[in-house]
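Working notes, beginning with the structure itself.
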Amino acid sequence: MSDTSLTTLPPGASARKRINGIDVFMWALRCAVAAIAIFGAVATLLQGRYSLAQWFDFAMFGLTLGSVYALIALGYTMVYGVLRMINFAHGDITMTGAFAGYFVASGVSRNGLLATHPVLAIVAIFAVAMATCIAVALATERFAYRPFRNSPGQAPLICAIGVSFVLEQTVRGMFGSGVKSYPLTTWHDAVINVAGLRVPVVNLFVMGCAISAMVILYLIVHRTRMGMAMRAVSEDKAAAALMGVDVDRVVVFAFALGGAMAGVASVCYALIYQQVHFFMGFAPGIKAFGAAVLGGIGSIPGAMIGGMFLGLIEAVGPALFLDGLGITAPYQLRDAIGFLVLLMVLIFRPQGLFGEAMAKKRA
Amino acid sequence: MILEIENMSLAYGNIEAVRGVSIKIVDGGIVALVGANGAGKSSTLNAISGLLPISAGTIRIDGQSTKELKPHQITRRGIVQVPEGRRIFGRLSVEENLLMGAFSRNDHQAIAEDRDRMFELFPRLKERRRQVAGTLSGGEQQMVATARGLMARPRVLLMDEPSMGLAPLVVEQVFDTIQAINAAGTTVLLVEQNALMALEIADHAYVMEHGEIVLEGPGPELAGDERVISIYLG
Ligand SMILES: Nc1ncnc2c1ncn2[C@@H]1O[C@H](COP(=O)(O)OP(=O)(O)OP(=O)(O)O)[C@@H](O)[C@H]1O
Ligand SMILES: [Mg+2]
């Protein structure tokens, strides 16, 4: 923020033209980050340490991870759309789905269903994870958010952080704090060849699920009455109510859709990393939130593209930007790169890639 | 009586915006509510629509108090507001805006017929049915807002300053439309700053000042009342 209140301007003078220290610092920061990124990328490419196949692997992993971020980001963006509130517990809601999916997965793995009827078993895992996420999301909305919706200040946000802790600690208390490894499917480590490039089946599977879920979501939002009502509510709640829309029902609908997407994401995420843990929702939650902001919070295509972009940056970024700078073990800095991108967006384009200017918002 | 407001008061925090207002709306006519900026007209409409809580008095629809009703339930009882500033859904298409207007209805066949009727009433909207409504001109947006309100098949249409910000020629059209809507059987409660025009077409009218009704009577009669003229024409 530029500080104009300290200096009194003569009447009629334009404050816009003034350049102060903070502006200079911001520009310097912008240039420095761009310079490091470009320099690092050029150096990496000149060194030629990575083959084309390796770059392809990075990109493939990035898109896989990104599609999961995108699914989670949709939950943030839809709830923000209808309530103008950040559901900070969304990452942990996703975690509850991963646990539910894990229990079904280890059940079907032990009784052999996973081997004999893999499709049925996987549908069951997804169904239970989605149902769990939806149920937790709706309970959170009903008992933790709705009572505080009209309270002043940051009450809903603080509530959301509280819910996040409650979910984490409840799962920890019930199932322990250890890492549980996800039962492996037979095809989990399979790799297929596409034009000489090796593509892990699990990546294709995760992307396929995520993209199907997003297509279905898109159709629901754009082709159904409730979807239309949701878009109307996120533009103007009072006007939508005047049209006969029960805003509370639309809010429930948005939480349910977000929960369903989180359920799909939770299983995908557990398949990628092959484990579940009570704290596993935190990092993807924060990153997906970042992805939603990156795309322009409230925008559904924005969340999808923001998620993909963040996943890609995270997977390709360390090798591309850092390797050439001579940084050892650039992968340790994966999260740092992801969050740096986020920070840059928040600083330089707070409305996100697809977000509209806040000035357009009506009182 | 469809709609009856009795001794209604409401406040924003400590600031009383409406005091002891009583308005009666019987089936069939045009009722005008006029007054200067900040008189409390929009607040009155929003209270009727259930968007604002009232602090005293009662609002009745068909003799039943609306105290427990939420805004969407009031709309479903046929009391539909076309809000001030149009408030169309700018990112939805023109056609989606009209369908939103019919959100409280379930008769799909009749909704499609009504939509086509709106396109007859406003041919401009038909040409632009797939266009995102936020890109329309002000006059076209007012058409969307009006058509959207009518799509609910209201018994009473509450219109808050439909002529606001429109060119004089378009204002004429808006007033013609209001009369046509009324002639087709919809009761209208019209809030206007364009006081004289509103009074001319009103069967009955109320003049509001500082949150209170200060004058009431048949519209054309009030239009000639010197107190009204002195207030609004200076
Ligand atoms: N949200 C609000 N918070 C506080 N005060 C408000 C709010 N809305 C309206 N008021 C005040 O209530 C009074 C009545 O406002 P209202 O909008 O009902 O007037 P109006 O007759 O519709 O005026 P206009 O012709 O300008 O639309 C005004 O003094 C206004 O400042
Ligand atoms: Mg007003």
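Since every read-out is calculated from the coordinates, none of them should be taken as a lab result. For clarity, every value in this text was computed on a predicted model and none was experimentally measured. All Cβ positions, even for glycine, are placed from backbone atoms using ideal geometry, and neighbour counts span all protein chains on display.
Per DSSP helix of 4 or more residues, -39500 (n - 2.57); summed, then divided by the residues of chain A. What does that give at 222 nm, rounded to the nearest 500?
Calculated from helices alone, the mean residue ellipticity at 222 nm is -22500 deg cm²/dmol.
Can you work out the Karplus-derived ³J(HN,Hα) for every residue in the range B:208-221? Use 6.51 cos²θ - 1.76 cosθ + 1.60 with θ = phi - 60°, whole Hz, and x for glycine or proline.
10, 9, 6, x, 10, 7, 9, 8, 7, x, x, x, x, 5
For each pair in A:Lys237/A:Lys287; B:Lys41/B:Lys67; B:Lys70/B:Lys126; B:Lys41/B:Lys70; A:Lys287/B:Lys70; A:Lys237/B:Lys41, compute the distance between the two Cα atoms and list the pairs where it is over 26 Å. Write down the numbers at each step before the final one.
Working: A:Lys237/A:Lys287 28 Å; B:Lys41/B:Lys67 20 Å; B:Lys70/B:Lys126 33 Å; B:Lys41/B:Lys70 20 Å; A:Lys287/B:Lys70 38 Å; A:Lys237/B:Lys41 21 Å.
Too far apart for the 26 Å limit: A:Lys237/A:Lys287; B:Lys70/B:Lys126; A:Lys287/B:Lys70.
Compute log10 of I(q)/I(0) for the range B:85-153 with the Debye formula, placing one identical point scatterer on every Cα and leaving out solvent, at q = 0.18, 0.20 Å⁻¹, to two decimals.
Debye intensities relative to I(0), on a log10 scale: -0.55, -0.68.
For the peptides B:68-75, B:182-189, what is the packing order when you average, over each peptide's residues, the other Cβ atoms within 10 Å and list the highest mean first?
B:68-75, B:182-189
Using R₀ = 56 Å, calculate the FRET efficiency as 1/(1 + (r/R₀)^6) where r is the Cβ-Cβ separation of B:Glu172 and A:Leu353; round to 0.05.
Efficiency, from the Cβ-Cβ distance: 0.80.
Give the peptides A:104-112, B:200-208 in descending order of average Cβ contacts within 10 Å, highest first. Can you show the working numbers first?
Numbers: A:104-112: 16.8, B:200-208: 21.8.
Highest mean packing first, the order is B:200-208, A:104-112.
Once you have all Cα-Cα distances for the protein assembly as shown, histogram them in 20 Å bins from zero and send the whole-percent values.
With 20 Å bins starting at 0, P(r) equals 18, 41, 30, 11, 1.
Only residues of the range A:105-147 count here: report those whose backbone N is under 16 Å from the spot 7 Å along Cα→Cβ of A:Ile220, or say none.
Counting backbone N atoms under 16 Å from the label point, the list is A:126-139, A:141.
How charged is the neighbourhood of B:Met1? Take every other residue with its Cβ under 13 Å from the Cβ of B:Met1, and add Lys/Arg as +1 and Asp/Glu as -1.
Residues near B:Met1 contribute -1 overall.
Within 10 Å of each Cβ in B:73-83, how many Cβ atoms from other chains are there, averaged over the peptide?
Mean partner shielding for this stretch: 3.
How big is the dipole moment of the range B:85-153 about its Cα centre under a simple scheme where the beta carbon of each Lys and Arg is +1, that of each Asp and Glu is -1, and everything else is neutral? Debye, nearest 20, please.
Computed charge dipole of the range B:85-153: roughly 240 debye.
Could you work out, residue by residue across A:221-232, how many beta carbons of other chains sit within 10 Å of that residue's beta carbon, and then give the average as an integer?
3
Give me the percent relative contact order of chain B, please, defined on Cα pairs under 8 angstrom at least 6 residues apart.
28 percent
B:Thr187's amide H: which non-local residues (gap 5+, or another chain) put their own amide H closer than 5 Å, with H modeled 1.01 Å from N in plane and none for Pro or chain starts?
Those qualifying (amide H under 5 Å, at least 5 residues apart or on another chain) are B:Gly28, B:Leu157.
Once R0 is set to 60 Å, what does the formula 1/(1 + (r/R0)^6) return for the Cβ-Cβ distance between A:Ala28 and A:Tyr273, expressed as a FRET efficiency to the nearest 0.05? Numbers along the way, then the final one.
On the way: r = 38 Å, r/R0 = 0.63.
In this case the efficiency is close to 0.95.
Along each of the three principal axes of the Cα atoms of chain B, give the extent in whole Å, ordering the values from largest to smallest.
45, 40, 32
Taking amide hydrogens as modeled 1.01 Å from N in the peptide plane, which residues meet the under 5 Å criterion relative to B:Gly35, leaving out close sequence neighbours?
Correct list: B:Glu192, B:Met208.
Tabulate in residue order the Karplus-calculated ³J(HN,Hα) for the range A:158-168, using 6.51 cos²θ - 1.76 cosθ + 1.60 with θ = phi - 60°, rounded to whole Hz; enter x for Gly and Pro.
Calculated HN-Hα couplings, in order: 5, 4, 4, 5, x, 4, 4, 5, 4, 5, 4 Hz.
Sort out for me the Cα centre separation of the range A:209-251 from the range B:167-231, rounded to whole Å.
Using only Cα atoms to place each centre, the spacing works out to 37 Å.
Across peptide A:241-254, how many C-beta atoms of other chains are within 10 Å of each residue C-beta, on average?
Rounded to a whole number, the mean comes out at 6.
What are the ³J(HN,Hα) couplings of the range A:233-242, residue after residue, when phi is run through the Karplus curve with 6.51, -1.76, 1.60 and θ = phi - 60°? Round to Hz, x for glycine and proline.
So the Karplus estimates, Gly and Pro as x, are 4, 6, 7, 7, 4, 5, 4, 4, 4, 5 Hz.
List the residues, sorted by chain then number, that are 5 or more residues from B:Leu215 or on another chain and whose placed amide H is less than 5 Å from its amide H.
B:Val207
With Cβ to Cβ distances under 15 Å as the rule, what net charge do the other residues near A:Thr328 carry (K, R +1; D, E -1)?
Working: positive: A:Arg49, A:Arg334; negative: A:Asp323.
Neighbour charge sum, excluding A:Thr328 itself: +1.
Which value, in nm² and rounded to one decimal, describes the direction-averaged projected area of the C-alpha convex hull of the range A:21-362?
Quarter of the Cα hull surface area: 19.9 nm².
So if we plug the beta-carbon distance of B:Asn37 and A:Leu184 into 1/(1 + (r/R0)^6) with R0 = 60 Å, what FRET efficiency do we get, rounded to 0.05?
Efficiency at R0 = 60 Å is approximately 0.30.
Using Cα-Cα distances under 8 Å and only pairs 6 or more residues apart, what relative contact order does chain A have, in percent?
Computed value for chain A: 32 percent relative contact order.
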